Every structure is written in C-alpha cells, then in structure tokens.
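**Q** The structure is given below, and queries will be raised subsequently.
Readers should treat all values here as calculations from the given coordinates under stated rules, not as data from a laboratory. Note that the coordinates shown come from a computational prediction; the quantities given were computed from them, not determined experimentally. Ideal geometry is used to build each Cβ from the backbone, glycine not excepted, and the neighbour counts take in all protein chains shown.
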Amino acid sequence: MYKTLSAAVDTALALKPLVANANHCDVIIAPVFTAIKTVADRVEGSNIRVSGQDCSAETEEGAHTGEVLASMLKDVGAKYVIVGHSERRQFYCDTDVTVNRKTNAGLAARLNVIMCVGETLDQREQGSAESVVSQQLTAGLSGLTASDLDRIIIAYEPVWAIGTGRTATPEQAQEMHAFIRRVFAERHSKEAGEALRILYGGSVKPDNIAGLMSQPDIDGALVGGASLKAESFAEIVNYKR
C-alpha cells in the first residue's frame, strides 16, 4: 500500500529506460489498484508488464463490496496477479482454500498467476517448513490442468525474512526452491517441474540478488521494499550475472 497515482506513474516512467535492455528476464510491477490502469497505459510498448497485488476469489460480478475481480484487473491492463502473499495470509485471513479460488479466478480471467508460499519463523524452527510449504503448494494448485500450469509462477517467501532485514542465505533459499520444484514435479510431471518458474521473495536487495540468482533453482525475485525506488529495482533487474 504505497504511492499515490502520480507517484506510481513517476516511478514506472523512471524505471522504463533503466530496464529497457533487460532481455534476460520478465519485468513486472504491481501498483495499487487505483494506479493499475494509468501505469499500464504509460508503460505500454515497453518491456514492463503490470500485475495486480491481489484479486477476489469470486469470478462473477455481485454484492462483494471492496473486492476486485480478476477480470477487472485484466480489463485495465494487468497481465498478472499475485495471490497468497504472506501479508494476505497473515493479516487478511487468506487460507489455502481461498488462495486456490483466487488462483482459479486469475486463470479464468486469462491472467498469469504468481502464487506465494512460505513458512513463519516458528514453523521453520519447529522443523515443519517443508510440510507447510508443501501443503500450501498442493492446496493452492488443486484442480489445475496441465495447460493452467503454464501460467503459474511460484514465489517462495520465508515470512521470517520479509521486511526484517533477515534474508535466507542463498543455500537456504535454494534448498526450499529445489523442494518446491520436486513437489511440483511429483504432483504434475517432471517436465512441468523443470519448466516451473520459482521466485524468491524476502528482503531482496541489490547487494544480495547476485548470490541468490546464482542458485540453480532460483529463477527470479519477488521484490518488496527495494522496488519502491526505480533505481534500486533496476539494479536488481540488471544484476551482474
């Protein structure tokens, strides 16, 4: 929940030239709902795509005050939607069932879905990190078809490393990313597991992105605070490989 409309547009416009030559990755920004249409219009024709930060679990118009349909995000220029973000799970009661419904809603609207999973510090210290992530992954993707999976991106967010300044070491992140890929492959297919894109999200900054991206199963980053300034986000996008 950052940036007025004018601030969001200014940031997007400042980012455009800084990442114009980034042909090694997809660049996606997720402004607040009120800025999506204008930002999408202003970055049209560039290599930047726009995402919603969340969507309703509903798929039809109706009496759901305060909710936003995935199809409405599509209508104003979004190509992606984030579901199951740790803050939505932690503070706004999103359950694995809700995340699954939102995932299906996003897919039905022809959006690409970035589905977030991750454990809390207590869960990690109790040794249940893998079982928690496996449950979130399995429940969140329940009922999806092989063609649906082509439009799914998984983001691993260790909750204990978000906004805390604590970052999972590249080795810790790689271990969980490899586990996610293995669970995904076992549930779907080896080919689907290999094709799955898995992002790391948890205090990603310009000074730690290269170490994270050097790991074989980390395909990208879900960037929080460091994305609020065009310059720092561009540094992450353009990290030295």
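**Q** Please find, in a Gaussian network model of the chain (springs between Cα atoms separated by less than 10 Å), the residue of Ser71, Ser128, Ser51 whose mean-square fluctuation is greatest.
**A** Ser128
**Q** Have a look at the stretch 53-237 and give its Rg and Dmax from the Cα atoms, expressed in angstrom.
**A** Cα radius of gyration and Dmax of the stretch 53-237 are 16.0, 47 Å respectively.
**Q** Rounded to the nearest 500, what is the chain's calculated 222 nm mean residue ellipticity when only DSSP H runs of at least 4 contribute -39500 (n - 2.57) each, over all residues?
**A** -12000 deg cm²/dmol
**Q** Between the stretch 113-149 and the stretch 53-102, what's the alpha-carbon centroid distance in Å?
**A** Using only Cα atoms to place each centre, the spacing works out to 17 Å.
**Q** Taking other Cβ within 10 Å of each residue's Cβ, how do Phe91, Phe33 sort, fewest first?
**A** The most exposed by this proxy come first: Phe91, Phe33.
**Q** Determine, for Tyr80, Tyr156, the number of other Cβ atoms within 10 Å of each Cβ, and report the residues in order from fewest to most.
**A** Tyr80, Tyr156
**Q** At Gln135 and Leu5, where each label point lies 7 Å from the Cα along Cα→Cβ, what is the point-to-point distance in nanometres?
**A** It works out to 4.3 nm between the two label points.
**Q** Using the 10 angstrom Cβ neighbour count as an exposure proxy, how do Leu212, Leu137, Leu18 rank, fewest first?
**A** If I rank by nearby Cβ atoms, fewest first, I get Leu18, Leu137, Leu212.
**Q** Show which aspartates and glutamates lie in cross-link reach of Lys3 when reach means a straight Cα distance below 19 angstrom and same-chain residues fewer than eight apart are skipped.
**A** By straight Cα distance, Lys3 reaches Asp41, Asp54, Glu87, Glu231.
**Q** Follow-up question, since we're still on this one. Straight distance only, please: which lysines reach the Cα of Lys79 with their own Cα at less than 18 Å, same-chain residues fewer than 8 apart left out?
**A** Lys16, Lys37, Lys102
**Q** At what distance in angstrom do the alpha carbon centres of the stretch 10-46 and the stretch 200-225 lie from each other?
**A** Value for the Cα centre distance between the two parts: 19 Å.
**Q** Multiply the residue separation of Ser128 and Ala146 by 0.36 nm, subtract the distance between their alpha-carbon atoms, and state the gained length in nm to one decimal.
**A** Difference between extended and current length: 3.6 nm.
**Q** Can I ask one more? If each of Lys190 and Ser46 carries a label point 7 Å out from its Cα toward its Cβ, how far apart are those two points in nm?
**A** It works out to 4.2 nm between the two label points.
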